[in-house]
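The values are calculated or read from the model by the stated rules, or taken from the named source; none is laboratory data. The structure presented is a predicted model; accordingly, all values stated were derived computationally and were not measured. Please note: Cβ atoms are built from the backbone with ideal geometry, for glycine as well, and neighbour counts cover all protein chains shown. Accessible surface areas use protein heavy atoms only, side chains included; no ligands, DNA or RNA. Shrake-Rupley method; radii C 1.70, N 1.55, O 1.52, S 1.80 Å.
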Amino acid sequence: MGSLLLLGRNTFGDPANKGNILTREEALTLLHEWVPNERLRLHMKQVAFLMQRWAAEKEYLDEAGQWRWEMSGLLHDADWDQWPDEHCNKIITELEKRNIDPEIMHAIASHGPYHFGVDPETAMDKMLYAFDELSGLIHAYSLMRPEGYKGMELKGVKKRLKEKSFAANVSREEITDASDRARIALDDLINFIILHQPLVH
Ligand SMILES: [Fe+2]
């Protein structure tokens, strides 16, 4: 399942920094400085928005809680563009330097358990893993549809999922595994993404 970038550790940051997170401005500045690739930035904004909406609508978190989820989505691939060999060690180390809450780093570290060797544990970890690849496939599908996201249906997405040649770099195994680990039916994840992702530009 893709490349191995094992982190070789399972704990991140200092528990004393619990509750310490970046401001929205700081996170966006980091995103724009580290990620010149507009498509990758869009991917992270999409995942961030899905995380924020899930935190609000399904986890009933307050605004501060929603922002934690959103931030982990916003930065999860921040180092992919310029330092693919150090993904996701580079961003984790940066956030450790900035004394950020370990839970944020853990979510980023576990967004690809078969790449980084860290299992998703919290609900935030699991949803980041669940949204990452699936939202990418759904976005790719929107780009090949004349009307983009408009009128997109669950059955169309499922057809693309079965079609191995479509967005072939998106791991179907990881999508299934992430849905299993989060204990959220794949259909529910797809419907949630279809509903929210078009709002992100
Ligand atoms: Fe990603």
Honestly the range 1-133 on the Cα gyration tensor test (a ≥ b ≥ c root eigenvalues; a/c under 1.5 rounded, otherwise a/b vs b/c for prolate or oblate) is just rounded
If one compares the long axis through the Cα atoms of helix 123-144 with the longest principal axis of the Cα atoms of the chain, the angle in degrees, nearest 10, works out at 40 degrees
Shape call for the range 138-197, from the Cα gyration tensor axes a ≥ b ≥ c (a/c under 1.5 means rounded, otherwise prolate when a/b beats b/c, else oblate), comes out oblate
In whole angstrom, the spacing between the Cα centers of the range 46-77 and the range 9-29 equals 14 Å
Computed over the chain, the relative contact order (Cα-Cα under 8 Å, seq sep at least six) in percent reads 26 percent
GNM of the chain, Cα pairs under 10 angstrom: of Glu174, Glu147, Glu96, the biggest fluctuation goes to Glu147
Between the Cα axis of helix 63-75 and the main Cα principal axis of the chain, the angle (0 to 90°, nearest 10) is 80 degrees
Expressed as a percent, the accessible surface of the range 48-141 that is carbon or sulfur, using a 1.4 Å probe and the full set of protein chains, is 44 percent
By the Cα gyration tensor axes a ≥ b ≥ c (a/c under 1.5 gives rounded; else a/b larger than b/c gives prolate, otherwise oblate), the shape of the range 19-69 is oblate
Taking a probe of 1.4 Å and leaving out DNA, RNA and ligands, the chain shows per residue an accessible area in Å² of 49 Å²
Filtering chymotrypsin sites (Phe, Trp or Tyr not before Pro) in the range 38-71 by DSSP loop and by at most 10 other Cβ atoms within 10 Å leaves Tyr60
Any aspartates and glutamates whose Cα falls less than 14 Å from that of Lys162, other than same-chain ones fewer than 8 residues away, would be Glu173, Glu174, Asp187
Reported to the nearest 10 Å², Ile108 has, with a 1.4 Å probe, an accessible area equal to 0 Å²
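For the pairs Lys45/Lys150; Lys45/Lys90; Lys45/Lys126; Lys45/Lys159; Lys18/Lys97; Lys45/Lys164, flag any whose C-alpha to C-alpha distance is greater than 21 Å. Numbers along the way, then the final one.
Numbers: Lys45/Lys150 19 Å; Lys45/Lys90 19 Å; Lys45/Lys126 18 Å; Lys45/Lys159 25 Å; Lys18/Lys97 14 Å; Lys45/Lys164 26 Å.
Beyond 21 Å between Cα atoms: Lys45/Lys159; Lys45/Lys164.
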